[in-house]
Amino acid sequence: MTVPPRVRIVEVSPRDGLQNERATVDVATKLALIDALADAGAVTIEAGSFVAPKWVPQMADTDQVFARLDRRPGVTYQALVPNLQGVERALAAGVDEVAVFAAASETFSRKNTNGSIAEVMQRFLPVAARAQAAGVKVRGYISCVLGCPYEGEIDPAAVVRLAGDLIAMGCYEISLGDTIGVGTPTKARRLVEAVAGEVPIDRLALHFHDTYGQALANIFACLDFGVAVVDSAEAGHGGCPNVKGASGTVAKEDVVYMLHGMGIETGLDLARLCAAGKTISEALGRPTGSRVARAFG
C-alpha cells in the first residue's frame, strides 16, 4: 500500500462543528477554539460562514470572529459563502480563502440551498469570479457524494460532473462530502477513483461524517490513491443542520492518531488537539466525540 508521506488536515470545527448548536456559542469561545487549533499546528481553519443569520444563526457573528482573529503566520483562515453578498462580506472581513458548496443530489440541493444543482452552480459563477478577481482562492464542497437522506444512493457520475464543473469555475480543490455518513470503504474508494478520472487527485479532499462509524475506514481506503487532504472537526462535533441524526465530521484527533500510526506526517500535536477538544466539548456541555481524546483522559 502506497500512501502519501504527509496529509494536510483542513479544520472545519469552527464552522461545521458549531453551526448546528442551538445554544449560542459566543465569539470569545470561537476565537479560543481557533487559537487552540493554530497552536496545535493547524494550517487551514474554516473559521465561519457568511450565510444569512436566519438560516444559520450560529454563524451570525462570523464578521466579528474575523475582525478579532489573532492571525498566525502560515495559517489559512477560510469561510463558507453561499452567494455574491456572502463573498462581499467575506472579502471585507479579510478572509484568506472562500468555499462554495453544492450538492450531488437534486432534492438535497433544493432543500439545503433553495435551488436546483444547475441554479446553484449559476449562482456561484459570479462568486468565484469576484473572489478570484480579489486574489482570494476558492475551494469547492460537494455534499451527499455517497448518499442522500431523500434520494438514497447517489450515482458517482453526478459527483464526477459536479467536480469537473467546480474545477472549471476556478476552484483549486474539491472536498468530497459524505454529509450523512452512510459511506463504506469500497464505495468511498470507487467514488474517489471515478472522480480522479476527471479531477487530478492532488486537487481532491475527503470530508467524511461519522454517523455510522465508517469515516476512518473510508479515509484509509482512499489514501493509497494519493489523496493527501482530509477535512475533520475537533472532537467530532457538528452535523448538517438540515439532516436529522447526521453526526459531525470525523474527529480530528482520531484521524491524526491513525495517520501518525501509519507513519504519515500531519504537522499536528495530538496532545494539544485532545486538550482543545476537551475545552470546546466542556463549553458545549457534552462529551467529546473522539475515541482517542477519551483514551487520553
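Would you be able to say whether some residue in segment 101-108 is part of a helix (DSSP H, G or I) and not polar (S, T, N, Q)?
Yes; the residues of segment 101-108 include at least one that is part of a helix (DSSP H, G or I) and not polar (S, T, N, Q).
Per-residue answers, yes or no, for (1) in contact (Cβ under 8 Å) with a residue 40 or more places away in the chain; (2) surrounded by 15 or more Cβ atoms within 10 Å (Cβ to Cβ); (3) among the hydroxyl-bearing types (S, T, Y):
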residue	(1), (2), (3)
Q58	yes, yes, no
Q64	no, yes, no
P73	no, no, no
A90	yes, yes, no
V98	yes, yes, no
E119	no, no, no
L146	yes, yes, no
P149	yes, yes, no
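Scanning segment 261-288 for residues that are out of contact with any Leu (no Cβ under 7 Å at 6 or more places or on another chain) and within 19 Å of F220 (Cα to Cα), which turns out surrounded by the most Cβ atoms within 10 Å (Cβ to Cβ)? Give the derivation first.
Step one: of segment 261-288, the residues out of contact with any Leu (no Cβ under 7 Å at 6 or more places or on another chain) are 261-265, 267-275, 277-279, 281-288.
Okay, now just the ones that are also within 19 Å of F220 (Cα to Cα), so 261-265, 267-268, 270.
Details: G261: 8, M262: 12, G263: 8, I264: 16, E265: 12, G267: 14, L268: 22, L270: 19.
So the residue we want is L268.
If we keep just the residues of segment 34-57 that are in a helix (DSSP H, G or I) and in contact with a strand residue (DSSP E or B) (Cβ under 9 Å, 6 or more places away or on another chain), which is farthest from T249 (Cα to Cα)?
The qualifying residue farthest from T249 (Cα to Cα) is A38.
Which is crowded, with 18+ Cβ neighbours inside 10 Å, in contact with a strand residue (DSSP E or B) (Cβ under 7 Å, 6 or more places away or on another chain), of a type in the set (G, A, S) and within 15 Å of L18 (Cβ to Cβ), of A233, A215, A228?
A233
Among the residues of segment 72-88, write down those that are aliphatic (A, V, I, L, M) and over 19 Å from the mean Cα position of the chain (by Cα).
Scanning segment 72-88 gives a single hit, L84.
Tell me yes or no: at least one residue of segment 229-243 is modelled with pLDDT of 95 or more, part of a loop (DSSP other than H, G, I, E, B) and either of a type in the set (A, V, I, L, M, F, W, C) or out of contact with any His (no Cβ under 8 Å at 6 or more places or on another chain) (or both).
no
The values are calculated or read from the model by the stated rules, or taken from the named source; none is laboratory data. Everything numeric in this text was worked out from a predicted model, so none of it was measured. We place every Cβ from the backbone using ideal geometry, glycine too, and count neighbours over all the protein chains shown.
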